[in-house]
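As structure tokens, the structure follows; a few thoughts come after it.
The values are calculated or read from the model by the stated rules, or taken from the named source; none is laboratory data. This one's a predicted model, so the numbers in the text were calculated from it and none came from an experiment. Note: ideal-geometry Cβ built from the backbone for every residue, glycine included; neighbour counts use all protein chains shown.
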There are 2 protein chains.
Amino acid sequence: MNISQTESKSNRTRSRILHAAAKTFRQHGYASSSLREIADVAEMQAGSLYYHFESKDELAEAVMDAGVTQACQHAEAGVAALGDAANPLDCIAAAFRGHLNYLLQESDFAVATLRMLHQTPEAIRIRHTHKQRAFGRFYASLFERAQREGFIRPEFNLSALRMLLLGALNWSPEWFDDSGLSPDELVDQLNQMMQCGITPDKLAAFKNRDSARRRVQ
Amino acid sequence: MNISQTESKSNRTRSRILHAAAKTFRQHGYASSSLREIADVAEMQAGSLYYHFESKDELAEAVMDAGVTQACQHAEAGVAALGDAANPLDCIAAAFRGHLNYLLQESDFAVATLRMLHQTPEAIRIRHTHKQRAFGRFYASLFERAQREGFIRPEFNLSALRMLLLGALNWSPEWFDDSGLSPDELVDQLNQMMQCGITPDKLAAFKNRDSARRRVQ
DNA sequence: GTCTATAGGTTGATAGAC
DNA sequence: GTCTATCAACCTATAGAC
């Protein structure tokens, strides 16, 4: 009893520090965030952080780990909710929905992670890249299945396609607040563009034929 | 004569410092890049930087200004090369081509700018946001014309669409080196997805466009 | 214009009281 | 577990020699 209560208390403090760090790192990046500021947000003194974390680096890495893990979990949960019979494009769309709702609503962790990438010591960056790849493979398998089953045209380079789309997601926290859209509306736009393109078919086909002819003449 | 030679020498040194700063900021971000390191790359002593720049902030802002300006110029140049008769989707594709070729090949400035955004003092960030908006309006006008003329379906929120696509561009330096693609191949994938989507049924429409685009390069 | 030397301030981290 | 006090290292920026 005593032990579990003690652990629970310690864990809650640790969590409070992690949230404070994520918030601060998100706002100012890694190097510009001092332990004094993080401690201030967590309502403690800077020296006290060291009871829970060995160094600033360890704290940063813990935030980054949580950032990838949580983003991955939300994307996977989106797919899982669809059930087994879903078609591959719906799976990708659902992963984006889970991922983006998390990225835009809940998460200082994931956004802090994206913004800290090129500031942390190299050892951290290397380890983080490996963890990130596991997340990448999850998405890669969704795209591979979709292409294999004929839902994505064979000429697409799946790796490039995946990274372009993840880039669109990852960049969205930079501007989303000014857009006036809801996360779900934004995902709808992305999925529409991804699956059907932006042109009205017949009009585009017609105009394009036109402009092609004009240019070839 | 003397004056112009002096100015030329001074300008060349200034440029050397700017390039060193861009390279260093790109690699480590704003706060983690010390003036000593920048000076080292520029092959001078840290104190000497102050003859050319008043502060680290001014140096950072100069790099960021160059980053937006150059990216904007390359996007505009891509469109300008098309001539007046080009259709709106070709204009967007050409802007992406110019923009992305710059972002992936030439530029420490633009990438450093993207990575410094949330680390600089707020005054810099605010001024930079204003300059960035001018670039945004350039793209916005391309998309508005395309939608007005029927090349983009009316249900698309143009602002969201634009920012999603620019996010895909802005994120590409993070992974491009591992992709094995050329910048032009990457732009082709992006433009294909944007215009026709990734599913098989619209392939024919794009192939029509393809011959037109390739003549323009 | 560039150098060296250094002031003045902040940072990550440690030690010891409670 | 948290606090206060403090150290050593590093940073930006300045001053003055050349």
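Tabulated values for the structure
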quantity	calculated
Test: residue in the range B:59-77 that is near DNA strand D (Cβ under 8 Å from one of its atoms) and at pLDDT 95 or above	yes
Long-range neighbours under 8 Å by Cβ, at least six apart or interchain, first residue more than 7 Å from chain A (Cβ to nearest Cβ) within the range B:141-160, second aromatic (Phe, Trp, Tyr) and buried (at least 21 other Cβ atoms within 10 Å of the Cβ)	B:158/B:143
Residue that is nearest to residue B:29 (Cα to Cα) [pool: residues in the range B:171-217 that are among the charged types (D, E, K, R) and modelled with pLDDT of 90 or more]	B:174
Checklist (1) in a helix (DSSP H, G or I); (2) out of contact with any Pro (no Cβ under 9 Å at 6 or more places or on another chain) applied to residue B:120, failing item	(1)
Residues within the range A:183-200 that are within 7 Å of chain B (Cβ to nearest Cβ), more than 17 Å from the chain's Cα centre (by Cα), closer than 15 Å to residue B:191 by Cα and in a helix (DSSP H, G or I), tallied	4
Selection count, the range A:167-182, where residues are within 7 Å of chain B (Cβ to nearest Cβ) and touching a residue at least 12 places away in the same chain (Cβ under 8 Å)	3
Residue in the range A:70-84 that is more than 16 Å from DNA strand C (Cβ to nearest atom), within 21 Å of residue A:195 (Cβ to Cβ) and either within 14 Å of chain B (Cβ to nearest Cβ) or in contact with a Pro (Cβ under 6 Å, 6 or more places away or on another chain) (or both) present	no
Spans of helices (runs of 4 or more DSSP H) in the range B:1-107 with at least 3 residues of a type in the set (Lys, Arg)	B:2-28
So residue A:43, is it at positive phi, over 11 Å from the mean Cα position of the chain (by Cα), within 16 Å of DNA strand D (Cβ to nearest atom) and surrounded by fewer than 22 Cβ atoms within 10 Å (Cβ to Cβ)	yes
Residues that are surrounded by 21 or more Cβ atoms within 10 Å (Cβ to Cβ), within 14 Å of another protein chain (Cβ to nearest Cβ) and either among the hydrophobic types (A, V, I, L, M, F, W, C) or near DNA strand C (Cβ under 10 Å from one of its atoms) (or both), drawn from the range B:14-34	B:22, B:25
